[in-house]
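Readers should treat all values here as calculations from the given coordinates under stated rules, not as data from a laboratory. Note that the coordinates shown come from a computational prediction; the quantities given were computed from them, not determined experimentally. Note: ideal-geometry Cβ built from the backbone for every residue, glycine included; neighbour counts use all protein chains shown.
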Amino acid sequence: MTIPGIHHITAIAGDPQRNLDFYTGTLGLRLVKLTVNFDDNGTYHFYFGDAEGRPGSILTFFPWPTAYPGRQGIGQATLVSFAVPSLAGWPEKLPVAIPGVRFGRNTLSFADPDGMRLELVENGGTGTEITGFHGVTLSEAGYESTARLLTETFGYQPAGQEGNRFQFAAPAGDVVELLCQPDGRRGSMGSGTIHHVAFRAETDEIHKAWQSRIAALGFNVTPVLDRQYFHSIYFREPGGVLFEIATDPPGFTTDESLADLGTALQLPPWLEPARGDIENILPKLVLPKYGR
Ligand code: ZN
C-alpha cells in the first residue's frame, strides 16, 4: 500500500475576492468548488484546480476577511510548487517573481496577495498552463522522522539533496521537499499560511486501511470524516505539519456537472436547510467567467 501523491493543499487567506481573482485570474486555475467551511458556515471554502478538478491539482482556501497574518515557519508547509510545461510568458504575468533553478529544474518564485510562498516549476513539454502540483515544501527542525514516514510508510523515494533541502518523490511523480532548519522559528497560523497537506487514497477501502495503519504506528489519527467531496483522516506528522489522507471518490462532480463546477455555491445536505442564512452572512463575490 503506497500513497500515490498529493490530493490537495489547504491554506488560509484574507480577502475572499482578492484570493479568488489571483488564483483564477493571474494563475489561471479553475474555481472547482465554491462551498463553505463545514466547521464555520459563515466562511467560504474555495477549491482551485485544473479543468477537471483532479486530485493532485487542488489548492483550497479558507478566506477570512478579518484574518490576522500568520507567520511562516517550522512545523508548516511553507511553499506550494505548481508544475508548468514551460515558464514562457510567466515572468511577464508575474513581474516580481524571482527565477531560480532547483534539482535541475527552472523555477519562478513569488507570493500570493496574502504573502503565501508559491513557485512554478518547469517540467518540460509544450504549454504554459499550470497542470497540477509539482510538490510541497515542509519546514522542519529535523527531518529524519518525517523522511522515514514518507519513505517507509507512504512509499516515497529519496530523490535528491541540495544543502538543507531533501526531496522525496511520490509514485505519481510529485514531490515532498523537507527544508531542515534546526534554528528556525515556529510558524503560526493566520492568513498567508498553509493549514495542511492532504495525500491521496484511491478508494474508501484503502482509506480505511490507512486509518488503521497510521493508528498502529502510534499517531493520534482522527476517525474517518465526511468532507462531501472526499473522506478524510488527519494526523500530525513528526515534524508538526498537519497531514490528511483523502479519498479520490466521490470527487467534485458529486453535486454539480463537470461543466458547472464552481459556478454556484454548493452546500452539503446537512447545511442545505440553512442556505438562506448562510448566503446572507457570506461576503458577496464576483465569480470568474469561464471560457476554458
Ligand atoms: Zn483537507
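Which of the peptides 58-65, 151-158 is most tightly packed, and how do the rest follow, going by the mean number of other Cβ atoms within 10 Å of each residue?
58-65, 151-158
Neighbours of residue 206, meaning other residues whose beta-carbon lies under 12 angstrom from its beta-carbon, give a summed charge of -1 when Lys and Arg score +1 and Asp and Glu score -1. The orientation-averaged shadow of the Cα convex hull for segment 21-73, equal to a quarter of the hull surface, comes to 4.8 nm². Building the convex hull from the alpha-carbon atoms of segment 176-224 and averaging its projection over directions returns 5.4 nm². In the chain, Cα pairs under 8 Å separated by at least six residues give a relative contact order of 24 percent. For segment 82-189, the direction-averaged projected area of the alpha-carbon convex hull comes to 7.7 nm². Let me check I've understood the local charge: for residue 264, count other residues with C-beta under 12 angstrom from its C-beta, Lys and Arg +1, Asp and Glu -1. What total comes out? That sum, taken over residues with Cβ under 12 Å, equals -2. The alpha-carbon of residue 93 sits under 20 angstrom from the alpha-carbons of these lysines, leaving out residues fewer than 8 places away in its chain: 289. Within the straight-line cut-off of under 16 Å between alpha carbons, the aspartates and glutamates reachable from residue 208 are 226, 244, 248, sequence neighbours fewer than 8 places apart in one chain being disregarded.
At most 11 other Cβ atoms within 10 Å and a DSSP loop assignment: could you name the GluC sites (Glu not before Pro) in segment 27-130 that fit?
Loop-located and lightly packed - none at all.
Could you give the distance between the Cα centres of segment 82-128 and segment 233-252, to the whole Å? Cα centroid of segment 82-128 versus Cα centroid of segment 233-252: 26 Å apart.
Among DSSP beta bridges whose residues both lie in the chain, state the antiparallel percentage, nearest 5. Given both bridge residues lie in the chain, the antiparallel proportion sits at roughly 65 percent. Report ³J(HN,Hα) in whole Hz for each residue of segment 41-48, in order, from the Karplus equation J = 6.51 cos²θ - 1.76 cosθ + 1.60 where θ = phi - 60°; Gly and Pro get x. Karplus values, whole Hz, x for Gly and Pro: 5, x, 10, 5, 10, 8, 10, 9.
Each Lys or Arg adds one and each Asp or Glu subtracts one; over the other residues with Cβ under 14 Å from the Cβ of residue 123, this totals -2.
Rounded to the nearest 20, the Cβ-based charge dipole of the chain about its Cα centre (Lys and Arg +1, Asp and Glu -1) stands at 480 debye. The Rg/Rh ratio of segment 73-113, with Rg taken over Cα atoms and Rh as the Kirkwood radius over Cα pairs, comes to 0.99. Globularity index of segment 6-281 is 0.97 (Cα radius of gyration / 2.2 N^0.38 Å, N = number of residues). Work from the charge dipole of segment 6-281 (Cβ charges, +1 for Lys and Arg, -1 for Asp and Glu, about the Cα centre) and give the residue of 115, 48, 209 farthest towards its positive end. Of the listed residues, the answer is 115. When the chain is treated as a GNM with alpha-carbon contacts under 10 Å, the residue of 274, 215, 13 showing the greatest mean-square fluctuation is 274.
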